[in-house]
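All remarks here apply to the structure that follows.
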Amino acid sequence: MKQFDLKDPIFTKLSEAAALLEMDTYIVGGYVRDLFLGRESKDIDFVCVGSGIELAKKTAELLNPKLKVNYFKNFGTAQFVYHGLDLEFVGARKESYQRNSRNPIVEEGSLEDDQNRRDFTINAMAISLNKATYGEILDPFGGKKDLENKLIRTPLDPNITFSDDPLRMLRAIRFATQLNFSIDPKSIQAIKDNAHRISIISQERITTELNKIMLSPKPSVGFILLDETKLLPLIFKELSELKGVEYVKQKGHKDNFYHSLQVLDNLAENSDNLWLRWAALLHDIGKPKSKRFEENVGWTFHGHEVIGERMTKSIFTNLKLPLNKELKYVQKLVKMHLRPIPIAKDSISDSAVRRLLFDAGDDVDDLMLLCEADITSKNEEKVKRILKNFKIVRQKLKEIEEKDHIRNFEPPISGELIMATYGLKPCREIGLIKNHIKEAILEGEIANNEEEALSLMRKIATDLGLKELN
Ligand code: CTP
């Protein structure tokens, strides 16, 4: 258990403020859960029987009168930051509690009412900050035991808890994935029964949970639960369409849903980069649309990487994921995910490596991580062999980069220089010359330097009938 100091001024001053205002006050929610789990938390929730705003103001005054308290009268909540911790105050209520809820408080309640309307037993524990019972744990639903048994369970009938806030169905799956817990069978059944109600939840809240699943140690756990509970087709149709194996003449292809999840898990072992994880999940998303059965060949998925690149954009748009550099990065990796494979298989030519470096640029290391994660064969020998080949590709990438500096390729001579040398206005010939030089560098016909590029420029210009100005 992490160090918990009840002598910390946050708690002692809060307790003092609560006594002055004659309000019962408790630490609740995620902080108490994370305390038992030994996880760091950046925010602490306090609930009091009375006005959370009054309590926040009084506590801030006692801690440091200069502190600025933010409060929302309609919602009865207040917040301030102290020593990097986000302290949140709320009055106990009878109706469902959700942080960031847009619903004003309707009816004040007791601590018990408040605990009843929280999402899971592990999130409904409280620690008293009242003088007489200071530091005592109030755990009416056995949250501590559920933590020990690694179980996500609702305090009330799950149908009530989930209908109070259907996002909690996703939160259950997210916590199970983050913490490696299982979900109580009654709650699983209730998710199945209430799955359709996810439609009333905003996309932003859904996507926040999806990203938390993505960033978990083994994200597949969450997607498999989403599939089992029938939430997946409702919130991420394209992913659920990867499911299944089709047979023609007894020949099947692999199930791309489980394959993609395996790739995601493999990658998660080596990278915490959320967007690289998205690329892993989406790398084969274009397969259902490109699937064909060809006589004498079997199942093919020609062009799935290009279809996938396009689908990535519509998925990011629908899920309200960021549409700027993050989307471009994921699209690039989805499109390029097959590129290193032939290089690993054939005897590796320098020009193929240079082209890969040129096209991938600074994302080449991430692309290699994705390709390595994409090896999901059960045949260990085969996996070892391919990994060994990829190691050679990586070595080659390093050598060629050191020699030719292709990763951040800048043409060694500019269009301006070409124009000045031949007295040209912007025209097609300039593009032709520049492209020719770039190709010659990538093919290894000339080195990536100004001297060799100038000499090639002169040769091409002569062929084009251009005359140098004196
Ligand atoms: N809560 C709830 N229902 C929700 C959201 C939150 O009952 N839909 C309650 C839970 O008691 C939760 C607390 O509000 O512990 C704080 O919510 P939040 O900060 O969203 O979650 P944490 O539990 O702190 O976890 P995390 O920070 O990982 O989201």
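The values are calculated or read from the model by the stated rules, or taken from the named source; none is laboratory data. Only a predicted model underlies this, so the values are computations on that prediction, with no experimental measurement involved. Virtual Cβ from ideal backbone geometry, glycine too; neighbours counted across all protein chains shown.
For T161, the criteria (1) among the β-branched types (V, I, T); (2) within 10 Å of the ligand (Cβ to nearest atom); (3) under 20 Å from the mean Cα position of the chain (by Cα) hold in every case but one, which is (3).
Selection of region 180-196 for residues being out of contact with any Leu (no Cβ under 6 Å at 6 or more places or on another chain), in a helix (DSSP H, G or I) and within 23 Å of L151 (Cβ to Cβ) yields P185, K186, S187, I188, Q189, A190, I191, K192, D193, N194. You will find that of A172, A195, the residue that is within 23 Å of the chain's Cα centre (by Cα), in contact (Cβ under 8 Å) with a residue 24 or more places away in the chain, surrounded by 20 or more Cβ atoms within 10 Å (Cβ to Cβ) and under 18 Å from L37 (Cα atoms) is A172 and no other.
Determine whether T177 is outside any loop (DSSP other than H, G, I, E, B), under 27 Å from I53 (Cα atoms), within 15 Å of the ligand (Cβ to nearest atom) and in contact (Cβ under 8 Å) with a residue 40 or more places away in the chain. Criteria not met by T177. Of the residues that make up region 364-382, is at least one crowded, with 18+ Cβ neighbours inside 10 Å, in contact with a helix residue (DSSP H, G or I) (Cβ under 9 Å, 6 or more places away or on another chain) and more than 27 Å from P342 (Cβ to Cβ)? No, every residue in region 364-382 fails to be crowded, with 18+ Cβ neighbours inside 10 Å, in contact with a helix residue (DSSP H, G or I) (Cβ under 9 Å, 6 or more places away or on another chain) and more than 27 Å from P342 (Cβ to Cβ). Filtering region 103-113 for residues that are within 13 Å of the ligand (Cβ to nearest atom), assigned to a helix (DSSP H, G or I) and at negative phi leaves a non-empty set.
Here V90, V81 are screened, and the one residue that is within 16 Å of the ligand (Cβ to nearest atom), over 16 Å from Y26 (Cα atoms) and modelled with pLDDT of 85 or more is V81. Checked against the criterion of being in contact (Cβ under 8 Å) with a residue 60 or more places away in the chain, away from the ligand (no atom under 16 Å from the Cβ) and among the polar types (S, T, N, Q), the candidates N211, N130 yield just one match: N130. Among the residues of region 28-44, those that are buried (at least 17 other Cβ atoms within 10 Å of the Cβ) and either more than 11 Å from the ligand (Cβ to nearest atom) or of a type in the set (F, W, Y) (or both) comprise Y31, L35, F36.
How do the helices (runs of 4 or more DSSP H) wholly within region 338-387 filter down when requiring 1 or more residues that are over 17 Å from V263 (Cβ atoms) and at pLDDT 95 or above: which remain?
Passing ranges, in order: 350-360, 364-373.
Across region 131-150, the number of residues qualifying as crowded, with 17+ Cβ neighbours inside 10 Å and either under 23 Å from D8 (Cβ atoms) or among the hydrophobic types (A, V, I, L, M, F, W, C) (or both) comes to 5. If you go through region 381-436 and pick out every residue that is under 17 Å from S347 (Cα atoms) and hydrophobic (A, V, I, L, M, F, W, C), you end up with 7. Looking only at region 65-78, how many residues end up being more than 16 Å from the ligand (Cβ to nearest atom), outside any strand (DSSP E or B) and touching a strand residue (DSSP E or B) at 6+ places or on another chain (Cβ under 8 Å)? Qualifying residue count for the region: 3. Of all the residues that make up region 159-199, how many are over 13 Å from L231 (Cα atoms) and out of contact with any Phe, Trp or Tyr (no Cβ under 7 Å at 6 or more places or on another chain)? The number of residues fulfilling the criteria is 18. Mind checking whether some residue in region 223-239 is touching a His at 6+ places or on another chain (Cβ under 9 Å), within 22 Å of A172 (Cα to Cα) and of a type outside the set (V, I, T)? Yes, region 223-239 has at least one match. If you go through region 319-347 and pick out every residue that is among the hydroxyl-bearing types (S, T, Y) and touching a residue at least 12 places away in the same chain (Cβ under 8 Å), you end up with 1.
Condition check: under 25 Å from T312 (Cβ atoms) and touching a residue at least 60 places away in the same chain (Cβ under 8 Å). Does R407 satisfy that? It is false that R407 is under 25 Å from T312 (Cβ atoms) and touching a residue at least 60 places away in the same chain (Cβ under 8 Å). The single condition from (1) buried (at least 22 other Cβ atoms within 10 Å of the Cβ); (2) more than 33 Å from the chain's Cα centre (by Cα) that V47 fails is (2).
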